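Report on one structure; see the data block that follows.
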Amino acid sequence: MRRELVRNGAMMQSTTDTEVILHLVAQSKRNRFIDRFIEALARDRGRLLAVSLTNKKLIGARDPLGIRPLVLGELDGCPILASETCALDIIGAKYVRDVEPASHRVRRAGAQSHNVSPKPRGPASSEYIYFSRGFHRRRAVGV
């Protein structure tokens, strides 16, 4: 995807996946940011985890296979997205739930889900190693 963007004139300043997503969002012809973001994620077809903040919304996207974790939390009535529940623990936030493999738009009133529906690919072998080592700790709910 990066090579395709560069061939089409994109000027890359880094080697991050975030920059690729930003270019895809910028190239979208859709009007609303959420629609541009979803279109960019669907075009990327990657195994990514992305969180974006606008002046009105907190938007998170989890990979279509659900390999990379994303949790929804709350602190003082404000929504929080994090890749690990321990991040919520550190700031004293309450765990709400795991985010399903789709794009989510979050407001104070609650979360809305928008299915990205990219064609899922299998995980890279390094992801099995990363997650098998316990970097994502699930919290038992109701225990």
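Since every read-out is calculated from the coordinates, none of them should be taken as a lab result. Only a predicted model underlies this, so the values are computations on that prediction, with no experimental measurement involved. For neighbour counting, all protein chains shown are included, and Cβ atoms are generated from backbone atoms with ideal geometry for every residue, glycine included.
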Long-range amide H contacts for ASP63: which residues qualify at under 5 Å (H placed 1.01 Å from N, peptide plane, sequence gap of 5 or more or a different chain)?
-> LEU48, ARG68
List the equivalent ellipsoid semi-axes of the range 42-94 in whole Å, largest first, each obtained as the square root of 5λ for an eigenvalue λ of the Cα gyration tensor.
-> 22, 15, 7
Assuming R0 = 30 Å, can you tell me the calculated FRET efficiency for the pair ASN55 and GLU19, based on Cβ-Cβ distance, to the nearest 0.05?
-> 0.90
Give, rounded to the nearest 20 debye, the magnitude of the charge dipole that the range 1-98 has about its Cα centre when Lys and Arg contribute +1 at Cβ and Asp and Glu contribute -1 at Cβ.
-> 520 debye
Measuring from label point to label point, each 7 Å out along Cα→Cβ, what is the GLN27 to CYS78 span in nm?
-> 3.5 nm
Amide H to amide H under 5 Å from GLY73: which residues, 5+ apart in sequence or cross-chain, H placed 1.01 Å off N in plane?
-> ILE80, LEU81, ALA82, VAL96
Say R0 is 35 Å: what FRET efficiency, to the nearest 0.05, do ARG3 and ILE91 get from their beta-carbon distance?
-> 0.35
